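Just so it is clear, none of the values below were taken in a lab; they were calculated from the coordinates. Predicted, not measured: the structure shown is a model, and the values here were computed from it. Cβ atoms come from the backbone with ideal geometry, glycine included; neighbour counts cover every protein chain shown.
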Amino acid sequence: MTETRINSDNVSSLRVIDLFCGAGGMSLGLIDERFCGGFKSVLAIDNDKAAIQTHAANFSGESVCANVEEWIQTHEIPEADIVIGGPPCQGFSLLNRQRKGDERRALWEPFIEIAHCSNAPIFVMENVAELFRSPELQEICKKAAQYGFETDACVVNTADYGAPQKRMRTIVLGWRQNAQPPVFPPLPTHADPKKSSNLPIWRTVRDAIADLPEPTETEIGGSAPLDLHIKRNPTAKSVARYKVVPPGGNRFDLQKNAPDLTPACWIKKKSGGTDLFGRLWWDRPSVTIRTEFFKPEKGRYLHPEQHRPITHREAARLMGFPDDFKFVGSKTEIARQIGNAVPPALASALGRMIREMYVQLKKSA
């Protein structure tokens, strides 16, 4: 199985509006030549000030700190070829059980409206996997149809597209003006090593971070060094806990090997939470990187060998950000940007598909 690559002479400089853009993982995957290339940013909007500063530090075009639903009421929407973005997902997430009335569930509405008003023939919306099974997906498609968009949706695993991370996401594709996709979702570029395939196997934690030296600088205060490879300053008790978790282990190993170090709430909870206080495996993709990856009590975020949680640099690499990507903000703000990002490798695969769609548009024009 091979990918179809489009010569940049056929389609180039496609104008991108990135809504709820965060640090710009999706923008990076489209714009940077190391990923896809052939796109340029004309507008990015997010209400996270640090994330917008990060986006502005890495991309040309206008980067605006605003609430999208308010901004659209007072500003002229520029022309674009593609609108991308991920309306905040907490309203759909299984981590948020109180779903009714969550206003974040409706932020796809200004997304669709901007896609329409920008005259973009294509939009790509990214969200949590749970969106695919939610009533909101039907509402999204219905709203898009009112503006002349056909739609399709699927759930993808980012590891299938070269990200060293298993991250299940819903992708909603909208198109009009004869821009029907040649294939959707994009053909995978990588495959689960347990399956028979001619594709390269999934990229692993080892592939992403094994070359990094053990961090020596300890975080101090709220600022983050530019290289982001900083270790926390844990208590002696925390270090003792880390040391009893074996490779691939988790909180149950902590309870087994050192019950005196195990929080009482974990001892009472006999099942579930198998990733809590877990170590990453060297030879697998990482688990989903979330915004508090620096807290091992939140998930499988211990280094495969060293007795510490992963650093910001390691988390950024597991998301797919190159080391020269410039993050702006405090340690907590940067962690939020990393955990909320779209892996650029997935965006790259979507970008190649979009370029093929524009080739079809040019042929039918």
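In this structure the amide hydrogen of Gly85, modeled in the peptide plane, comes within under 5 Å of the amide hydrogens of Leu19, Val124, Glu126, none closer than 5 places in sequence on its chain. When the pairs Lys166/Lys298; Lys270/Lys298; Lys195/Lys270; Lys40/Lys362 are compared against a 27 Å limit on Cα-Cα distance, Lys195/Lys270 fall above it.
Applied to the range 162-167, the Karplus parametrisation 6.51 cos²θ - 1.76 cosθ + 1.60 on θ = phi - 60° returns per-residue 3J(HN,Hα) values of x, 6, x, 7, 7, 8 Hz, with x for Gly and Pro.
In the chain, once you exclude exposed trypsin sites (Lys or Arg not before Pro) (DSSP loop, at most 14 other Cβ within 10 angstrom), what's the longest stretch remaining? So the longest stretch without any such site is 101-193. Please identify, among Asp211, Asp283, Asp18, the residue showing maximal mean-square fluctuation in a Gaussian network model of the chain using a 10 angstrom Cα cutoff. Of the options given, Asp211 has the highest mean-square fluctuation. Summing charges over neighbours of Ala208, with a neighbour being any other residue whose Cβ is under 10 Å away from its Cβ, gives 0 when K and R count +1 and D and E count -1. Given the rule -39500 (n - 2.57) for each run of at least 4 DSSP H residues, summed and divided by the residues of the chain, what is its mean residue ellipticity at 222 nm, to the nearest 500 deg cm²/dmol? Result for the chain, helices only: -8500 deg cm²/dmol.
Under 5 Å between amide hydrogens, built in the peptide plane, is the criterion, and for Ala44 it picks out Asp18, Glu62, Ser63, Val64 among residues at least 5 positions away or on other chains. Karplus-derived 3J(HN,Hα) values for the range 22-38, using 6.51 cos²θ - 1.76 cosθ + 1.60 with θ = phi - 60°, are x, 5, x, x, 6, 4, 4, x, 8, 8, 6, 5, 6, 10, 10, x, x Hz; glycine and proline are entered as x.
Among the GluC sites (Glu not before Pro) within the range 256-322, those in coil by DSSP and having at most 13 neighbouring Cβ atoms inside 10 Å are Glu305. Taking only the Cα atoms of the chain, the ratio Rg/Rh comes out at 0.98, with Rh defined as the Kirkwood radius.
Cα centroids of the range 227-277 and the range 332-349: 26 Å apart. Model label points for Leu212 and Asn257, set 7 angstrom from Cα along the Cα-to-Cβ axis, are 2.2 nm apart. In loop segments of the range 144-232 as defined by DSSP, the chymotrypsin sites (Phe, Trp or Tyr not before Pro) with at most 15 further C-beta atoms inside 10 Å of their C-beta are Tyr147.
In order along the range 263-275, the phi-based Karplus estimate (6.51 cos²θ - 1.76 cosθ + 1.60, θ = phi - 60°) of 3J(HN,Hα) comes to x, 4, 5, 6, 5, 6, 8, 7, 9, x, x, 6, 8 Hz; Gly and Pro are listed as x. Amide H contacts of Gly37: Ile31, Asp32, each under 5 Å away and 5 or more positions distant or on a separate chain (H built 1.01 Å from N in the peptide plane; Pro and chain starts excluded). Note on the range 196-345: Kirkwood radius taken over Cα pairs, Stokes-Einstein applied at 20 °C and 1.002 mPa s, translational D equal to 133 µm² s⁻¹. Mean-square fluctuations from a GNM of the chain, with a 10 angstrom spring cutoff on Cα atoms, peak among Ile84, Ile267, Ile140 at Ile267.
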